[in-house]
Amino acid sequence: MITKSDPRDAEFIEAQNAPRRDALHADYEALRMVLARRRIDIEPVTQAVGRFAVAIPSWGVGTGGTRFARFPGPGEPRSVFEKLEDCSVIHTLSGATPTVSLHLPWDRTDDLKGLKVRANELKLGFDAVNSNTFQDQLRQPFSYKYGSLTHTDKAVRQQAIVHNLECIQVGQALGSTALTLWIGDGANFPGQQHLARGFERYLESAAVIYAALPPDWRLLIEHKMYEPAFYATVIQDWGSSLMAAQSLGPKAFCLVDLGHHAPNVNIEMIVARLVHARRLGGFHFNDSMYGDDDLDSGSIDPFRLFLIFNELVDAAWRKVPGLSPSHMLDQSHNVTDPIESLVTSAVELTRAYAQALLVDRALLSEHQDNNDVLMAAQTLKQAFTTDVGPILARARLNKGAAIDPIGAYRESGYRLRCALARPAALTRSSGIV
Ligand code: RM4
Ligand code: MN
Ligand code: MN
C-alpha cells in the first residue's frame, strides 16, 4: 500500500502528534523545573523559538551531487512548482520554514503569477533571490568562462548585470526584498587576473545593480574563499565583502555562508565584526568538514553553530539597532532524502538558537570582567549542553507542526507518492545541484 496521507493535512499531523503529547508534556515540565532553578522562565524561550524562521533554498529540495556524480533520489521535483510543494511539506512538519529562496535561471517560469498564487495557497513567501552568473545558459551570447561581473570585456559584464536586474524584477513580482549576489569570478593561476582591477570592476558592476534596487530591498554580498576560482576569488572573504558593501551604500550587506571559510576560521568572530559594522545581512547555513561541503546544518560541529547564534542573541540582548539578518539554508543533499535533511537542519537551527537563549548573559559578563576564564566557558557550555528538545517540540506543537517531524514524514508516504507522480528524467548529470 502506497497512498497514506498528505503530511500537510492538519488531521494527519494531529493524529501523528496525539500519541506523543503526554511524553512531551512530561519532558517539557521537567525542563521547566530545571530552567527555573537557573532562574530562566521557559515560556519566553519557547515563544522566541516559535518565531524563528529560516528560508529553504529551492535548489536544496533536489538531490545534489559532486563534480564526480549525482545519484538522483526518487520523486525529485522537476519544476519550481514541484519544489514549492516539497517546501510546503518541510514547513508543515517543522513549522520553521515559511519562505523559499529562489535561484535564477534554475527556477525560471513563464508563469510568475501562477507561482505567486500557488505560494499563497501553500502559505509560503519568498526570501532573497539568487542570481547565477557562474554557469553559461543555453543561447546566452557571452560566456562566463573568464568571469562575469568582473570580466575584462564590458559586454560580458553588462550581460551579467542585466541578469541581476532581471532577478530583481522576478523577485519583485513574487514579493522578495533581497538579491543575493555570489559570483565565482577570480583566477586559477597567478597572473591570470589583475587583482586590483578585478575588484574595481566588481565594484563598478555591483554599483549598477545596487542603483536598480527598489527602496525596500537589500543587496546581500556573499563571499567565498575558493571554488570555482582556485587561486584567487574576487570576493573571497568578509573583508572584501565588507569593503564592497560599505562602498556601495546603506542597502548593501554581507552574507555569511558558513561553508565559505578555511577550516578552523572563527566564524562567530566574523559575525561579531559584521554586527559591529552594522552590515550583517544574512546567512547561508550549512556545515562543513573541509571546504564548501554544504553538509546539513549542525551535522559536524553543532558547537560552532551554537556560538554563531550566541553572537546573534548577544547582539539582540545588547539591542544593536537595525539587526535583522536573513536566515537561509544552503545545503547539498547527496545521500539523504532532501526533505528529511532540510527538516532536520531547520530543527538544528532552532536548537542552536534555543541553547543560545539559555546563556546567562549577565553572569557571563561578570565572569568575563573578572577574568574568570573557566566559569565564563562553563556558562556557555551549560547552555549548550542543555537538552532543549522539549522546547523545540513544544514550539512546533503550538504552531500545529509535528512533534516528531521525521517520524511523521516517513509515516505519510509522501516520497513514495512523489516517486510515482514524478518519473525521473532519463539524463545523467553531475554538478552542484
Ligand atoms: C555557491 C554559493 C551560493 C550558491 C551556489 C549554488 O557556493 O554558496 O550561495 O548559490 O553555491
Ligand atoms: Mn551560499
Ligand atoms: Mn557555497
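Can you give the relative contact order of the chain as a percent, counting alpha carbon pairs under 8 Å and 6+ residues apart?
Relative contact order of the chain: 24 percent.
Placing unit charges on the Cβ atoms only, positive for Lys and Arg and negative for Asp and Glu, gives region 181-296 a dipole magnitude near 620 debye about its Cα centre. Ranked by the mean number of other Cβ atoms within 10 Å of their residues, highest first, the peptides 195-201, 35-41, 136-142 come out as 195-201, 35-41, 136-142. At the residue level, I300 shows approximately 70 square angstrom of accessible surface with a 1.4 angstrom probe and all protein chains present.
For R118 and Q368, calculate 0.36 nm times their separation in residues minus their Cα-Cα distance, and state this gained length in nm to one decimal. Intermediate results must be reported in sequence, preceding the final value.
Working: separation 250, 0.36 × 250 = 90.00 nm, distance 5.12 nm.
That works out to 84.9 nm of additional length.
Across region 1-126, the mean sequence separation of Cα contacts (distance under 8 Å, 6 or more residues apart), normalised by length, yields a relative contact order of 25 percent. Computed from label points 7 Å out along Cα-Cβ, the spacing between E411 and H276 is 5.0 nm. Multiplying the residue separation of V208 and E14 by 0.36 nm and removing their Cα-Cα distance gives an extension gain of 64.8 nm.
From most to least packed by mean Cβ count within 10 Å, the peptides 261-270, 370-379 give 261-270, 370-379.
In the calculated pair-distance distribution of region 82-188, the portion above 24 angstrom amounts to 32 percent of the Cα-Cα pairs.
Once both labels are positioned 7 Å from their Cα atoms along Cα-to-Cβ, the gap between L323 and D387 label points is 3.1 nm.
Computed with a 1.4 Å probe over protein heavy atoms only, the accessible surface of the chain comes to 46 Å² per residue. Label-to-label distance, V162 versus W106, with points set 7 angstrom from Cα along the beta-carbon direction: 2.4 nm. Note that the chain, at 10 °C in a medium of 1.306 mPa s, gets a Stokes-Einstein diffusion coefficient of 70 µm²/s from its Kirkwood radius over C-alpha pairs. Its relative contact order, with pairs defined as Cα atoms under 8 Å and 6+ residues apart, puts region 107-237 at 27 percent. Compared with the alpha-carbon gap, the fully stretched path from K251 to T336 is longer by 26.9 nm at 0.36 nm per residue. Over region 145-248, the ratio between the Cα radius of gyration and 2.2 N^0.38 Å evaluates to 1.05. Rounded to the nearest 20 debye, the dipole magnitude of the chain is 600 debye, with +1 charges on Lys and Arg beta carbons, -1 on Asp and Glu beta carbons, and the Cα centre as origin. Under 23 Å from the Cα of K154, which lysines turn up, not counting those fewer than eight places away in the same chain? Cross-link targets: K145. Of the solvent-accessible surface of region 301-433, computed with a 1.4 Å probe over protein heavy atoms with every protein chain present, carbon and sulfur atoms account for 56 percent.
The values are calculated or read from the model by the stated rules, or taken from the named source; none is laboratory data. Since the structure is predicted, the reported quantities are computational estimates derived from the model, not experimental observations. With ideal geometry, Cβ positions are generated from the backbone for all residues, glycine too; neighbour counts draw on all protein chains shown. We work out accessible area using only protein heavy atoms, side chains counted, and drop any ligands, DNA or RNA first. Shrake-Rupley method; radii C 1.70, N 1.55, O 1.52, S 1.80 Å.
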